[in-house]
Structures are given as structure tokens and as C-alpha cells.
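Asker: One structure, as C-alpha cells, below. Some questions next.
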Amino acid sequence: MIEIPKQLQKENFRFCLLKNKSKQPFEEKWQENNYKYNDEKLIKWIEQDNNYGVISGYGKLIIIDIDDEKLSNILYNKINTFTIQSGGGKGKHFYIKSFYNKNCVLVDKKGEIRAHNYQVVGPNCIHPSNNIYKILKDIEIVELSEEEVEDLLKDYIEEKDVKDLKDFEDINLQVNVDKIFLEKKVVNKLGDFTKLLITQYKSTEELKRMGFPSRSERDGKIITSLLLCGFGK
């Protein structure tokens, strides 16, 4: 049976509901609709063999999610903390308490630092392949300073915040990232006219009055504007 391990049963930590054998949050606004470890809804959900997610940022909890097998083994021997074998079989999740608060994608997509408003599949859950996210180091979560976290991964941290990237392998599950990227990096660079076309639905007759005989022409203008703003990257 899936259960939340004692290391994560802390008053300040927060969790979300994931679908059965999935990494995908069940609720759209899972960052806001989060739960304490002893919430009745979360307990009932897990008892029905559904997965749960651990949300980073609460109670200073960050998760270093490493996909690269070689790097995950290096860190496994380098840091002594609560550690989970990822469901894919090669990577590991390293749980740390720290004031470090940057969501980072590591070089060559070897993994991520999930520091706030991101989630990872919780220990004892079931991967789509039926592998279990099993506990490798059943010990307490270590606490590190911001400097110690950076030093731990100094050769792998890119000087970018994940809010500026779409590089997570499962980015489609992080429902707010695209919205934030569009609002901060694209929409504010577009002219008012194109912005209007993107953000509001227009009927065929309205488009004609605005000088666009068809939606395909409108869409062409939008795509061109997006490319000129660098969104094609």
C-alpha cells in the first residue's frame, strides 16, 4: 500500500493528488489545492492506490531530481540525506531542507533543482512502468545552506531560472509555466493589436471588420509575431 514516509510527515510540508500510476496532478490548481500529510482527503486518495506528489518550497523543502544515472550515483555517495530511487530506474530524488529558492535545470538536462512550486512523485508511489519510487536512504532530511546547495552542484547549475525555460521533461504537467512564460516573455513584447488577437476570441464577422478575411490569416500574423519575439526558440 502507498504511504507517506515519516520523513515527510511534517506540519509545514505540502502534497498534491496525482493520478494512479502517473506523474500528472489530478487537480488543475494543485499549487493552491495542496494538503498536509494528515489531511483526510489525501489519506483517502492514497488508500485507493493513487499516487501523491511532494510540493517543493514548503517548510524549506527542496528536491534535487536527477535523471542522469552517473550524476545520481555521484550525489548518492556525496550527500547523506533522505533519497528515493526514481520510477524510471536510473535517477534519484534527493530531499533537502534549505533556503535555496531557485528552480534550476541542470546542464545537458541531467536533472532539476525543484525549489518552489514544483512537485515530484512521492516515495512508495508507482511509476507508469509499474516500478516503485522506493526509498534508498531511509534517514532524516539533511539541512543545507544556500551556499552548500550551490557548491554541491556547482559544475551543473546553469545561470538561469526555470521560470525562463521550458526544459523540464514533464513540463506539460506543470500547468502554470507556459502561462508565466507567455505573460512575461512574449505577450508584453507584442503590439496591442496582436495581443488582442491572442487573448480574445473573435468571430468570423468581427475578423472581417478588423481587416482579416479569415482566421488562418490572423493565425499567420500571430505566429509571425511570436517568432519575431523569439518564442520559436
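Asker: Return the residues of segment 23-35 that are outside any loop (DSSP other than H, G, I, E, B) and without any contact (Cβ under 8 Å) to a residue 24 or more places away in the chain; say none if nothing qualifies. Walk me through how you get there before you give the answer.
Answerer: Of the residues in segment 23-35, the ones outside any loop (DSSP other than H, G, I, E, B) are 25, 35.
Of everything in segment 23-35, just one residue is outside any loop (DSSP other than H, G, I, E, B) and without any contact (Cβ under 8 Å) to a residue 24 or more places away in the chain, namely Y35.
Asker: Looking at I62, I43, which is the one that is buried (at least 20 other Cβ atoms within 10 Å of the Cβ), outside any loop (DSSP other than H, G, I, E, B), modelled with pLDDT of 95 or more and among the hydrophobic types (A, V, I, L, M, F, W, C)? Reasoning before the result, please.
Answerer: On the way: I43 fails: buried (at least 20 other Cβ atoms within 10 Å of the Cβ).
Only one candidate passes the filter, namely I62.
Asker: Checking the condition surrounded by 15 or more Cβ atoms within 10 Å (Cβ to Cβ), part of a loop (DSSP other than H, G, I, E, B), more than 18 Å from the chain's Cα centre (by Cα) and not small (G, A, S), which residue from N38, N12, N50, N80 passes?
Answerer: Working: N38 fails: surrounded by 15 or more Cβ atoms within 10 Å (Cβ to Cβ); N12 fails: surrounded by 15 or more Cβ atoms within 10 Å (Cβ to Cβ); N80 fails: surrounded by 15 or more Cβ atoms within 10 Å (Cβ to Cβ).
None of the other options fit; the residue is N50.
Asker: Any idea how many residues of segment 111-125 are open to solvent by 30 Å² or more (accessible area, probe 1.4 Å) and at pLDDT below 95? Let's see the steps before the verdict.
Answerer: Narrowing segment 111-125 to residues open to solvent by 30 Å² or more (accessible area, probe 1.4 Å): 116-117, 124.
Cutting the leftovers down to at pLDDT below 95 gives us 116-117.
Result for segment 111-125: 2.
Asker: Within segment 104-121, count every residue that is of a type outside the set (G, A, S), under 19 Å from Q24 (Cα atoms) and in a loop (DSSP other than H, G, I, E, B).
Answerer: Residues in segment 104-121 being of a type outside the set (G, A, S), under 19 Å from Q24 (Cα atoms) and in a loop (DSSP other than H, G, I, E, B): 3 in total.
Asker: Another question, if that's okay. Could you look through segment 65-77, keep only residues that are in contact (Cβ under 8 Å) with a residue 40 or more places away in the chain and open to solvent by 50 Å² or more (accessible area, probe 1.4 Å), and pick out the one that is farthest from G111 (Cα to Cα)?
Answerer: It comes out as Y76.
Asker: Okay, moving on. For segment 83-103, give me the residue count where each residue is part of a loop (DSSP other than H, G, I, E, B), over 19 Å from E158 (Cα atoms) and open to solvent by 10 Å² or more (accessible area, probe 1.4 Å).
Answerer: Here the count works out to 4.
The values are calculated or read from the model by the stated rules, or taken from the named source; none is laboratory data. All figures in this text were calculated on a predicted structure; none of them were measured in a lab. For neighbour counting, all protein chains shown are included, and Cβ atoms are generated from backbone atoms with ideal geometry for every residue, glycine included. Ligands, DNA and RNA are excluded from the accessible area calculation, which covers all protein heavy atoms including side chains. Shrake-Rupley method; radii C 1.70, N 1.55, O 1.52, S 1.80 Å.
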